[in-house]
Structure formats: C-alpha cells, structure tokens
Amino acid sequence: MTMQQRTEPSPAAVLIAVAVLALVLTVAFGPLGFVIGLALFGLMFVGTKNKTADQITPVRTRSRLRRLSTAGRVAIVGESHHQDAIAEIAALATHELKADTGNGTAVPATAVLVPEPATRHDLTAVRVDLLRGDGTAVTAGYLRGEQAIDYRPLLLDLAGRGEIGSCPARIVGGDQRYGVHLHLGAPRLLLLDHEALGTAPTLPAEQQVAVVGEQVHQHVLHRVVNGRTPAHVIAELRDCRIVRGSHVGEHTLEVLLEGECVGQLTYAMGLRYCDMAQEWRARTGRALCEAVITNEGTRGLQANLLLPK
C-alpha cells in the first residue's frame with residue numbers, strides 16, 4: 001500500500017522561495033519587482049494554507065504493513081497537537097464504533113509506527129500515524145521516550161526493507177479532546193504476516209490458553225518456527241469436533257498455522273471461546289489470534305494462544 005501523510009510548507013522552504021522570487025523580480029523590474037514578488041508569494045502561501053485539508057503527499061511507496069505484538073496497552077503522547085486529524089479518523093470509523101462498542105466510548109483504528117530521522121533534539125522519535133480508508137495516514141502523536149527507544153531498532157530494520165510496523169488502536173474521548181491508545185506489546189514481529197492478513201484484527205491478547213494435541217503436529221510447528229523459539233505468530237481458529245477422549249463428538253476450536261492444524265482447545269476452553277470466535281469471524285471475516293510457540297525440550301514444541309479473559 002502507499003503510505004501518505006498531510007504536510008505543509010516548511011519554514012526553510014518558505015524562506016528559500018521568498019528569496020528566489022524576490023531576487024528574480026528585483027533583477028527584472030527593480031524595487032517594484034521586489035514588492036510585486038512579495039505580494040504574489042503572500043497570496044500563494046495563503047492559498048496553500050487554505051487547501052491543507054485536501055493536500056497529501058506520499059511518504060513511502062509500497063510500504064508493506066507488518067503486524068506487531070498486540071499483547072499490551074500503550075498510551076501515546078502529543079495528541080493535543082493533532083486533534084483535527086484524530087477527529088477525522090474518529091468520524092470515518094463511526095459505523096465501526098457502533099458495531100464494536102455500541103456506546104460511543106472508543107473508536108477502533110489501525111496505527112502505524114514511523115521512526116523519524118534523528119535530530120539533535122530527539123534521537124529516538126517514533127511517530128504514530130492512523131490509517132484512513134483510502135490508504136493515506138494522518139499523524140496522531142508519538143510513542144513515549146522509553147517505548148520509542150525500545151521499538152526504534154526494529155522499526156528502522158523494517159523501514160530498510162520497505163515495511164512499516166502496524167497495530168490496532170483505539171480513539172477515546174471526544175469534543176476535540178481525543179486520546180489514542182495502542183494495542184501494542186513487546187517490540188517483536190508476528191510471524192505468518194503475509195499479505196492475506198492485511199489489517200484484519202486479532203482477538204484481544206489478554207491471557208495464555210494452552211493448545212492440546214501438538215504431539216502429532218510437530219512437523220508443522222517445526223516448519224513454522226524454523227529453529228527460532230520462542231516464536232510469536234498469528235493463528236487462526238476454526239470450528240471442529242473432538243475426536244478422542246471423554247468428550248468425543250463435542251464442539252471445540254482447532255488451531256491453524258499457515259492453514260494447517262497444529263492442535264485444538266480443550267472441551268472446557270472450546271465452550272468458553274467457540275461463540276466468541278464465531279462472533280469475531282462474522283465481524284472481521286476470520287477468527288485470528290496471537291500465539292506463542294515455545295520449545296519444551298523432551299515434550300517438543302508447545303503452542304499457547306493469547307485470547308481474551
């Protein structure tokens with residue numbers, strides 16, 4: 001996708017434009033030309049300021065979204081300087097808000113984290129932009145200093161590959177007093193982050209739930225982690241029936257990685273999460289969640305899902 005952001009003429013660009021225009025007209029027409037040049041530039045600049053609501057320029061072409069861990073909640077800073085932009089995103093997502101909460105307390109959005117060039121005033125700034133429906137983005141604020149320091153190396157590595165980190169966001173407040181919270185965990189990528197996922201949301205990652213039956217799917221788990229554990233991945237949940245044990249024939253959820261089954265939830269966990277997964281699938285198209293794969297030695301690879309409490 002093409003990432004875009006609203007921009008205005010910088011002070012340096014304004015100064016250069018004034019100097020060049022004044023010089024050319026002064027050489028051509030003398031002092032009168034200098035006065036005319038300043039007047040024309042003033043009109044041009046006012047017109048530019050009046051059109052900023054429609055003016056966007058590409059920041060990066062084909063920046064591929066890479067999903068970041070959502071197992072945490074982070075409040076950003078600096079929203080007071082970007083209230084109009086945040087209000088626009090909130091207005092665009094109003095219909096999603098009604099479907100998501102029904103009470104107007106939070107607006108869902110997708111955020112991207114952009115490492116800004118280092119300056120002598122700030123060596124580690126990470127800007128938080130919110131995506132609009134047309135693929136452009138507006139600035140909402142910044143990560144706090146300590147979080148920016150933690151995330152910046154990963155984000156710079158992504159930027160070098162033409163990629164950009166993304167995570168779910170929630171807009172809270174209203175009446176031009178908006179705040180933004182990110183669903184953002186530790187600085188790590190979610191594997192299996194192929195294009196088909198896009199910005200489809202994952203279930204809230206609030207607690208670990210064990211997967212059972214991985215013993216017969218070790219070959220799939222080994223292929224997915226490719227020797228790297230622990231591995232943070234995106235899994236898909238699908239309805240199935242229990243095939244062995246005291247609850248044979250009962251409904252539960254099977255867990256898929258790269259489209260292949262790696263286990264299922266216990267009967268008790270299936271009772272707890274089947275309806276939730278079905279509702280999430282109806283709303284978003286897929287029942288996706290985060291998972292962590294660890295190496296348990298002689299027990300082999302173990303998968304734990306991150307699901308709502």
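The values are calculated or read from the model by the stated rules, or taken from the named source; none is laboratory data. What you see is a predicted model, and the numbers here were worked out from it, not measured in a lab. A quick note on method: Cβ atoms are made from the backbone with ideal geometry, for glycine too, and the neighbour counts reach across all protein chains shown. Surface areas here come from the heavy atoms of the whole protein model, side chains and all, with no ligands, DNA or RNA. Shrake-Rupley method; radii C 1.70, N 1.55, O 1.52, S 1.80 Å.
Taking the Cα centre of region 208-247 as origin and assigning +1 to Lys and Arg Cβ atoms and -1 to Asp and Glu Cβ atoms, the resulting dipole is close to 80 debye. 3J(HN,Hα) along region 292-301: 10, 9, 10, 9, 9, x, 5, 7, x, 7 Hz, from the Karplus curve 6.51 cos²θ - 1.76 cosθ + 1.60 with θ = phi - 60°, whole Hz, x for Gly and Pro. Ordering of 118-129, 141-152 by packing is 141-152, 118-129, highest average first (other Cβ atoms within 10 Å, averaged per residue).
Inter-part distance, region 143-189 to region 232-288, computed on C-alpha centroids, equals 30 Å. When all alpha-carbon pairs of region 241-309 are counted, what percent fall beyond 19 Å? Across region 241-309, Cα pairs with separations above 19 Å total 39 percent. Relative contact order, whole percent, for region 176-309 stands at 34, derived from Cα pairs under 8 Å and 6 or more residues apart.
With all protein chains in place and ligands, DNA and RNA left out, the 1.4 Å accessible area ranks Val180, Val248 as Val248, Val180, largest first.
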